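As structure tokens, the structure follows; a few thoughts come after it.
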Amino acid sequence: MAFETPILLILFNRPDLTEQIFNKLKQLKPTHLFVAADGPRANKPGEAELCQETRAIVTQIDWECRLHTLYRETNLGCGRAVSGAITWFFKNVEEGIILEDDCLPDDSFFLYCQRMLELYRHDTRVMHIGGTNFQNGKVWGEEAYYFSKIAHVWGWASWRRAWQHYDFEVKSFYLFVREDKIYNYYTNKNIALLCLENFKKVYHQQIDTWDYQWTFCILNQGGVMVIPNVNLVSNLGFRADATHTTDDHVFANGPANRMDVTQLKLADSRYICHDADDWFYKTYYIGK
């Protein structure tokens, strides 16, 4: 049976990882597949060939599918290439799923995203449906998911209505600071300062990324994110040829688990689970 929710697959120069996720998509048979790929870096010998080999994998589509491609000839870098691809995606669709080439999901991830996109389609406060969970087996609340202020992006979904607020340059950063908006989300000063420092780095173009800006956008809009109570996506990209995830990290290659999506329903409230988010930051980043 075909899968109707549009999917954006973001590629670069890793054909082995791309082949793994493409094989997953062959089983799913999405009817609308968008594929974006950054161009090779001029100072990296052999990268043009790797990029071409990676893109060639997509030509193996053997099911009924409308394929849309955005293949860059020159390299834009992680920040501009990924955010530009997502903007392109949401210019063409109202809602959909976003996967990068190193994010290998369980089959239930796609049905989870599809159902959550449907459930919260008209709830403008909900802006991000995450697929990853880093809670070490902790379960929060009585639903299959909880609400968060952390936008994990290793497999996620959203709507055009949410992404329209995205600003790569976070131009309203200092207004956000003056209005103390961060403390609407974090009462722990160390966590708040960590987040502000990350936002400040992207404002001053000190880091080439796109996802800190997405988190900023959601917090600035007073939005919330959804986190599943089990991890649905495994990140295979922690290795030497990665752009950012080159080290052996505690989150690397975490198992992708199955979710019973038949149990998914609207939550009784949209309250953020502050205990879960504080536990995450204290465990992995600030220690207290």
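Read the figures in this text as sums done on the coordinates, not as results from a lab. All of these numbers come straight from a predicted model, not from anything done at the bench. All Cβ positions, glycine included, derive from the backbone under ideal geometry; neighbour counts span all protein chains shown.
Observations, loosely collected:
- Candidate set: the range 25-47, residues that are surrounded by 16 or more Cβ atoms within 10 Å (Cβ to Cβ) and assigned to a helix (DSSP H, G or I); chosen: the one farthest from the chain's Cα centre (by Cα): 47
- Search result, residues across the range 1-20 that are out of contact with any Pro (no Cβ under 8 Å at 6 or more places or on another chain) and more than 21 Å from residue 159 (Cβ to Cβ): 1, 11, 12, 14, 15, 16, 17, 18, 19, 20
- Pair list, Cβ < 6 Å and 6+ apart or interchain, from the range 29-47 residues that are touching a residue at least 12 places away in the same chain (Cβ under 8 Å) to residues that are of a type in the set (Gly, Ala, Ser) and outside any loop (DSSP other than H, G, I, E, B): 36/85; 38/81; 40/48
- Subset of the range 164-198 [under 24 Å from residue 271 (Cβ atoms) and buried (at least 19 other Cβ atoms within 10 Å of the Cβ)]: 182, 185, 186, 191, 195
A quick yes/no check of all residues on (1) at positive phi; (2) not in a strand (DSSP E or B):
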{"position": "134", "(1), (2)": "no, yes"}
{"position": "141", "(1), (2)": "yes, yes"}
{"position": "146", "(1), (2)": "no, no"}
{"position": "150", "(1), (2)": "no, yes"}
{"position": "158", "(1), (2)": "no, no"}
{"position": "162", "(1), (2)": "no, yes"}
{"position": "168", "(1), (2)": "no, yes"}
{"position": "174", "(1), (2)": "no, yes"}
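- Lone qualifier among 169, 143, 197, 179 - being closer than 30 Å to residue 256 by Cα and either of a type in the set (D, E, K, R) or touching a Leu at 6+ places or on another chain (Cβ under 6 Å) (or both): 143
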